[in-house]
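**Student:** Before I ask anything, here is the structure I am working with.
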Amino acid sequence: MSECLRREIADQVSHLQTEKGIVPGLAVILVGNDPASEIYVRNKGNGCREVGIYSETITLPEDTTQTALEAEIDRLNQDQQIHGILVQLPLPKHLDEAAALARILPEKDVDGFHLLNAGKLMTGGIGVTPCTPKGALYMIHQTGMDLSGKQAVVIGRSNIVGKPMALLLLQENCTVTICHSRTKNLPEITRQADILVAAVGKAGFVTPDMVKPGAIVIDVGINRVDGKVRGDVDFDGVKEVAGWITPVPGGVGKMTITMLLQNTLEAAERAGQ
Ligand code: NDP
């Protein structure tokens, strides 16, 4: 699914270059040397190369100050070659994540985490949509299900996945329930879901008894267990009940990067208008 979309993005990147002489550019700022973050950043760079997007990674030391980080963001905000800026999260504890994200120009905020873009999603305006929920929604659309009036349940209420996912499903006219760690009778609620999105951060959390037969199950989770990557859904068990299910790895994770490429392309197109 990602492959097909990446080919389309590559065509559009090439078209933008031919028509307007613009090569979309993405800058990723990585602070410190968290191994998982290093893998994500490398995958983002590889994705850019695959579709012809220019990319650069700015690696800052673990003890970088807030002032130095924001100075780097300011420099990239001014850089005409760069249309998208991404600060790889999580940042080391001493840094203020919210302040760093707020420093990125909203039109270059390809992660969609800036308050202005979050506000636009909330109010139904046109902004930059966060990559993971945008990718998850794209996958849900690929099933061909008419989403209007369907029961959607999102497990997780983070600002980067759960909440924007719920808002996107609401825009699709689903009836949306958001669940979290204080939710009571969770399996009873999830069994109502025509569309179930798991963004919990606990390997194998969603078991077959929690799933309505025929439901679409989207597994956002990325959990490392004994050196292997596992999702939030017990894939082998749930695939016997679900009508459609995304695997981990190779599902939402890859699509998230594809959406980052698309958001960068769109930012470059806007810059060229
Ligand atoms: P967070 O830790 O920020 O949020 C987890 C959510 O799960 C919280 O809202 C929490 O509730 C809820 N939760 C925890 N335990 C339970 C429980 N027992 N029952 C119900 N809800 C529970 O994680 P993220 O949203 O950032 O990420 C979720 C998962 O998605 C992680 O595995 C992460 O690695 C992965 N991820 C994958 C991406 C991709 O590209 N595929 C991108 C981003 C994240 P409460 O709010 O009450 O604490």
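**Student:** Quick check: the angle from helix 131-142's long axis to the longest principal axis of the chain, C-alpha only, nearest 10 degrees?
**Tutor:** Orientation of helix 131-142: about 50 degrees from the principal axis.
**Student:** Which of the GluC sites (Glu not before Pro) across region 34-141 are loop residues per DSSP, with 13 or fewer other Cβ within 10 Å? Let's see the in-between values first.
**Tutor:** Details: sites: Glu38, Glu50, Glu56, Glu62, Glu70, Glu72, Glu97, Glu107; in loops: Glu62.
In loop regions of region 34-141 (DSSP not H, G, I, E or B), the sparsely surrounded GluC sites (Glu not before Pro) are Glu62.
**Student:** Determine the equivalent ellipsoid of region 3-83 by diagonalising the alpha-carbon gyration tensor, then write out the semi-axes as square roots of 5 times the eigenvalues, largest first, rounded to whole Å. Don't skip to the end; give the middle numbers.
**Tutor:** Numbers: eigenvalues 148, 60, 7 Å².
So the equivalent ellipsoid measures 27, 17, 6 Å along its semi-axes.
**Student:** Please state the relative contact order of the chain as a whole percent: Cα pairs under 8 Å, 6+ residues apart? Please list the in-between numbers first.
**Tutor:** Numbers: 518 pairs, mean separation 48.6, N = 273.
18 percent.
**Student:** Something else about it: Using the Cβ atoms and a cut-off under 12 Å, what net charge is assigned to the surroundings of Leu101, where Lys and Arg are +1 and Asp and Glu are -1?
**Tutor:** Working: positive: Arg103, Lys108; negative: Glu70, Asp96, Glu97, Asp109, Asp111.
In short, -3.
**Student:** So what's the back-of-envelope 222 nm ellipticity for the chain, counting only DSSP H runs of four-plus at -39500 (n - 2.57) apiece and dividing by all residues, rounded to 500? Intermediate results must be reported in sequence, preceding the final value.
**Tutor:** On the way: 10 runs with 116 residues, N = 273.
For the chain, the value works out to -13000 deg cm²/dmol.
**Student:** Per residue, how many Å² of accessible area does the chain show with a 1.4 Å probe? Working shown, then result.
**Tutor:** Details: 13070 Å² over 273 residues.
Normalised by residue count, the accessible surface of the chain is 48 Å².
**Student:** Rounded to a whole number, what % of the accessible area of the chain do carbon and sulfur atoms account for, probe 1.4 Å? Before the final figure, lay out each step's value.
**Tutor:** Numbers: 6710 of 13070 Å².
Whole-percent figure for carbon plus sulfur exposure: 51.
**Student:** Another question, if that's okay. Taking region 131-248, how much of its Cα-Cα pair set, in percent, is spaced more than 16 angstrom apart? Walk me through the numbers on the way to the answer.
**Tutor:** Working: 3755 of 6903 pairs.
Result: 54 percent of Cα pairs exceed 16 Å.
**Student:** Roughly what would the spin-label model give for Thr143 and Glu97, points 7 Å off Cα along C-beta, in nm?
**Tutor:** With each label point 7 Å from Cα toward Cβ, the separation is 2.9 nm.
**Student:** Could I ask something else about it? If you take the charge dipole of region 131-248 about its Cα centre, with +1 on Lys and Arg Cβ and -1 on Asp and Glu Cβ, which of Ile218, Leu147, Leu168 is farthest toward its positive end?
**Tutor:** Toward the positive end, the furthest listed residue is Leu168.
**Student:** Now, a different point. Can you compute the FRET efficiency between Asp63 and Ile39 using 1/(1 + (r/R0)^6), with r the Cβ-Cβ distance and R0 = 25 Å? Round to the nearest 0.05. Let's see the in-between values first.
**Tutor:** Working: r = 22 Å, r/R0 = 0.89.
E(calc), rounded to 0.05, equals 0.70.
**Student:** Another question, then. Cα-based Rg (one decimal) and Dmax (whole number) for the chain, in Å?
**Tutor:** For the chain, the Cα radius of gyration and maximum Cα-Cα distance read 18.8, 56 Å.
**Student:** Only Lys, Arg, Asp and Glu count, each charged at its Cβ (+1, +1, -1, -1), so figure out the dipole size of region 131-248 about its Cα centre, rounded to 20 debye. Walk me through the intermediate numbers first.
**Tutor:** On the way: 13 positive and 11 negative charges, 84 e Å.
The dipole of region 131-248 has a size of about 400 debye.
**Student:** If you average 1/r across every pair of different Cα atoms in region 220-273 and take the reciprocal, what Kirkwood value do you get, in Å?
**Tutor:** Radius from the Kirkwood sum: 13.2 Å.
**Student:** Let me ask another. State to the nearest 20 debye the size of the charge dipole of the chain about its Cα centre, where the only charges are +1 on K and R beta carbons and -1 on D and E beta carbons. Can you show the working numbers first?
**Tutor:** Values: 26 positive and 32 negative charges, 108 e Å.
The dipole of the chain has a size of about 520 debye.
**Student:** With r as the distance between the Cβ atoms of Asp226 and Leu116 and R0 = 30 Å, compute the FRET efficiency 1/(1 + (r/R0)^6) and round to 0.05.
**Tutor:** Numbers: r = 41 Å, r/R0 = 1.38.
Taking R0 as 30 Å, the efficiency between Leu116 and Asp226 is 0.10.
**Student:** Report the extension gain between Gln80 and Arg7 in nm, rounded to one decimal, defined as 0.36 nm multiplied by the number of residues separating them, less their alpha carbon distance. Write down the numbers at each step before the final one.
**Tutor:** Numbers: separation 73, 0.36 × 73 = 26.28 nm, distance 2.54 nm.
The span from Gln80 to Arg7 would gain 23.7 nm if fully extended.
The values are calculated or read from the model by the stated rules, or taken from the named source; none is laboratory data. These numbers come from a predicted model, not from an experiment. All Cβ positions, glycine included, derive from the backbone under ideal geometry; neighbour counts span all protein chains shown. These area figures cover heavy atoms from the full protein model, side chains too; ligands, DNA and RNA do not enter into them. Shrake-Rupley method; radii C 1.70, N 1.55, O 1.52, S 1.80 Å.
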